[in-house]
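Q: Can you read through this structure? Questions will come right after.
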There are 2 protein chains.
Amino acid sequence: MIKNKLTEISKPVKIELEEFQKLFKSSLKSNNSLVNLVTNYIIKQKGKKVRPALVLLSAKLCGEINERSYRGASLVELLHTATLVHDDVVDNADKRRGFPSINAIWKNKIAVLMGDYLLAKGLMISVEGEDFDFLKKITNTVKRMSEGELLQIQKTRKLDIDEETYFQIISDKTASLIETCCEIGALSNSDNIEYHNAMRSFGNSLGLAFQIKDDILDYEGSAKLFGKPIGGDIKEKKITLPLIYSLNQVSKDESARVRKLIKNNYKKDSVKEVIDFVNKNNGIDYSQKVAFDLGEKAKQALNIFPDSPVKKSLQNLVDFVLERNN
Amino acid sequence: MIKNKLTEISKPVKIELEEFQKLFKSSLKSNNSLVNLVTNYIIKQKGKKVRPALVLLSAKLCGEINERSYRGASLVELLHTATLVHDDVVDNADKRRGFPSINAIWKNKIAVLMGDYLLAKGLMISVEGEDFDFLKKITNTVKRMSEGELLQIQKTRKLDIDEETYFQIISDKTASLIETCCEIGALSNSDNIEYHNAMRSFGNSLGLAFQIKDDILDYEGSAKLFGKPIGGDIKEKKITLPLIYSLNQVSKDESARVRKLIKNNYKKDSVKEVIDFVNKNNGIDYSQKVAFDLGEKAKQALNIFPDSPVKKSLQNLVDFVLERNN
């Protein structure tokens, strides 16, 4: 269902996405047969291609899709794939998109090396195309993504996180790459700084809304219907917006009691108790409102562009991010 | 002892290395306290700094050390450090330079993220300094390093490796970074293409000689004196030059017998038997000769430069690489 919706959203760049897929495939060819074996496996899995679609939609909104737009799309997809391959190693994950993960089939050593290879390949495409403004964005993005994750780990340990820190974390770890996709699209074919700023702002708000919605879904019973277990963040002691807001609504003693529940989450009912606490204190409603406002802000950023099927698609993407159930 | 010898070799850039160390330290500062904790730990361990020394010596041989030379030195040191941090995760290593490894103290997740952070930081320094020729070299080097390692893994599985493949592996996985250090030094302050080529050739031959010597030491009993166990490569089924040469000197049957010994190395004496086989068939002598010739080739590459303390240091580095015992 998600895939159908995304296909509809990326319809204005359908042909270009097919062209991208061809280029992407050929750019991955190596003289090393083991590298080819692994990259063919990755290509076969056909990810949702949200990031290249964002680059191409943003490019088409600002001008004509050109060679640089395709290179930008390859860069973000390679970087994203490299990150996923490394993530699976770190998390010891056996599956990715329903298929066995690279580390499950070829072991950790090959998975880490392939991640490095994919990242280097992405950067090389940009270096060879002399897309130095892309490189500036992307290296800063890699730095922000790792800093955001590290900040989250650090704060999670202390169970101490306020709204400001939460926004810094999700802005760095999640929104930065989405922001970069949109900005790279604009940079690929336009010198208009207003366009660059508009697309960066659109991507940032969209990325923040996406992560908040993700964090809400961890608290929502309905997600159960789709087989995604709820309460995972609580088990991992991750403090996200619904909980931050709720903790601020109650007395110091009550807040301390809930924190203790999370800290000692060995009890079977702790997770349910925390979810009930958040629901009772309107943590979900508040977060929905924040996500909705960010969605509106994203749409407003597109106001400087005339109406078009591409603009409509980007607006629909915002709604899709806010309305999805898993 | 190694450290004393290296200090002597890098004497012509002693002051510059201290300046580099200061810049390197300040370039690592982050707003994230966990990042600072880990980077301070890395800085305290004081690695041998061979790679930054190579950049600075190469730069001084070609002209005046300038800001770009320092940025180049930071880039290679950050990349090298990132690689080591990731390597320790992959190999599940508890120690690095006698200290507990990053993954041993802070766990795999933080180690992988820190590796990504360090790599991004190195690239950002080059992007911000607009050192695009460095970026071209370094991204290609990262790609070659991962391809070389992957080729080695692939060939190791089949125990099938000839001299040509061996040279491709060690050229990519080891020599590429040393080559890049020397070339970046020359690129930092000189437009003379002859200089660039000479330093690239010097670095390539030095890097190959270094790896061959490393592979020889795995077969040499004397290494035992220094606490480094011998036969590690045989246990890991890595086929290196001493063995490749030896296998080519004997009958097909004898070669098959030795390969089988390596394949089924569960027997206690197999490793010793393979080492004896290599010694008897002059695999060590042959490899010593190849390494020596590469050392000569490296020195010859320096012929276009007038004599100077810096040139003498680089020549001494070649001898040191060939004569070291561990």
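Q: About the Cα centre of the range B:2-323, what is the dipole size in debye to 20, counting +1 per Lys and Arg Cβ and -1 per Asp and Glu Cβ, all else neutral?
A: Here the size comes out at about 1140 debye.
Q: Here's something else I'd like to know. Nearest 10 degrees is fine. How inclined is helix B:283-301 to the longest principal axis of chain B, computing both from alpha carbons?
A: With rounding to tens, the tilt is 30 degrees.
Q: Now a separate question. Which of the residues in the range B:68-95 lose at least 10 Å² of accessible area when you go from the chain alone to all protein chains together (probe 1.4 Å)?
A: The answer is B:His86, B:Val89, B:Val90, B:Asp91.
Q: With a 1.4 Å probe and all protein chains left in place, how much accessible area per residue does chain A have, in Å²?
A: Computed with neighbouring chains in place, this is 45 Å² per residue.
Q: Next question. What aspartates and glutamates sit close enough to A:Lys158 to cross-link, taking a C-alpha to C-alpha distance under 18 Å and skipping anything fewer than 8 places away on the same chain?
A: Filter leaves A:Glu147, A:Glu149, A:Asp233, A:Glu236, A:Asp253, A:Glu254.
Q: Then there is this: Summarise the partner chain shielding of A:149-159 as one whole number: the mean count of Cβ atoms from other chains within 10 Å of each residue's Cβ.
A: For peptide A:149-159, the averaged partner shielding equals 4.
Q: Once you have all Cα-Cα distances for the range B:2-323, histogram them in 10 Å bins from zero and send the whole-percent values.
A: For the range B:2-323, the binned pair fractions read 6, 24, 32, 25, 11, 2, 0 percent.
Q: Skipping prolines and chain starts, which residues have an amide H placed within reach, meaning under 5 Å, of the one on A:Arg96, given they are 5 or more residues away or on another chain?
A: A:Ser101
Q: Can you show me the helix-derived [θ] at 222 nm for the protein assembly as shown, built from DSSP H runs with n ≥ 4 at -39,500 (n - 2.57) apiece and divided by the number of residues, rounded to the nearest 500.
A: -24000 deg cm²/dmol
Q: Answer with one residue from A:Ser205, A:Gln249, A:Ile102: the one whose Cα lies farthest towards the positive end of the charge dipole of the range A:2-323, charges on Cβ with Lys, Arg +1 and Asp, Glu -1.
A: Selected residue: A:Ile102.
Q: Between 0 and 90 degrees, rounded to the nearest ten: what's the tilt of helix B:270-280 against the longest Cα principal axis of chain B?
A: Tilt relative to chain B: about 90 degrees.
Q: Could you work out how far apart the two model spin labels at A:Gln45 and A:Glu130 are, taking each label as a point 7 Å from the Cα in the direction of the beta carbon, and quote it in nm?
A: 3.7
Q: Right, next: For helix A:176-187, report the angle its Cα long axis makes with the longest principal axis of the Cα atoms of chain A; keep it between 0 and 90° and round to the nearest 10°.
A: Tilt relative to chain A: about 30 degrees.
Q: Then there's this: Can you list the equivalent-ellipsoid semi-axes of the range A:39-101, largest first and in whole Å, using the square root of 5 times each Cα gyration tensor eigenvalue?
A: 27, 11, 9
Q: Report the dimensions of the protein assembly as shown along its three principal axes from the alpha-carbon atoms, largest first, rounded to Å.
A: So the three principal-axis extents are 78, 56, 48 Å.
Q: List residues of the range A:100-141, by number, whose backbone nitrogen lies under 16 Å from a label position 7 Å along Cα→C-beta of A:Asp191.
A: A:133
Q: Suppose every K and R has +1 on its Cβ and every D and E has -1 on its Cβ; what is the size of the dipole of the protein assembly as shown about the Cα centre, in Debye to the nearest 20?
A: 2000
Q: Under a straight-distance cross-link criterion of Cα-Cα below 15 Å, which aspartates and glutamates are reachable from A:Lys25, leaving out those fewer than 8 residues away in the same chain?
A: A:Glu16, A:Glu77
Q: Moving on to the next point. Checking the cross-link filter: which lysines have an alpha carbon closer than 24 Å to that of A:Lys22, excluding same-chain neighbours under 8 positions apart?
A: A:Lys3, A:Lys5, A:Lys11, A:Lys14, A:Lys44, A:Lys46, A:Lys48, A:Lys49, A:Lys60, A:Lys121, B:Lys143
Q: Separate question: Starting with the highest mean, order A:113-121, A:288-296, A:97-105 by the number of other Cβ atoms within 10 Å, averaged over the residues of each peptide.
A: Final packing ranking: A:113-121, A:288-296, A:97-105.
Q: From the residues A:Ile284, B:Val278, A:Ser10, which one has its Cα farthest along the dipole of the protein assembly as shown in the positive direction, the dipole being from +1 and -1 charges on Cβ of Lys/Arg and Asp/Glu about the Cα centre?
A: Selected residue: B:Val278.
Q: I'd like the carbon and sulfur percentage of the solvent accessible area for the protein assembly as shown, probe radius 1.4 Å, heavy atoms only, ligands and nucleic acids excluded.
A: The value for the protein assembly as shown is 50 percent carbon and sulfur by accessible area.
Q: To the nearest 0.05, how large is the calculated FRET efficiency for B:Glu236 and A:Phe305 if R₀ is 51 Å and r is the Cβ-Cβ distance?
A: Calculated transfer efficiency: 0.30.
Q: What is the average number of partner chain Cβ atoms found within 10 Å of a Cβ in B:123-136?
A: That average works out to 4.
Q: What's the ranking of B:194-206, A:69-81 by average number of surrounding C-beta atoms within 10 Å, highest first?
A: Taking the mean over residues of other Cβ atoms within 10 Å, the ranking is A:69-81, B:194-206.
Q: Now for a different question. Two decimals, Cα atoms only, Kirkwood Rh: what is Rg/Rh over the range B:141-246?
A: My calculation puts Rg/Rh at 1.06.
The values are calculated or read from the model by the stated rules, or taken from the named source; none is laboratory data. If you're wondering where the values come from, they're calculated on a predicted model, not measured in any experiment. All Cβ positions, glycine included, derive from the backbone under ideal geometry; neighbour counts span all protein chains shown. To get the accessible areas, we keep the full protein, side chains included, count just its heavy atoms, and leave off ligands, DNA and RNA. Shrake-Rupley method; radii C 1.70, N 1.55, O 1.52, S 1.80 Å.
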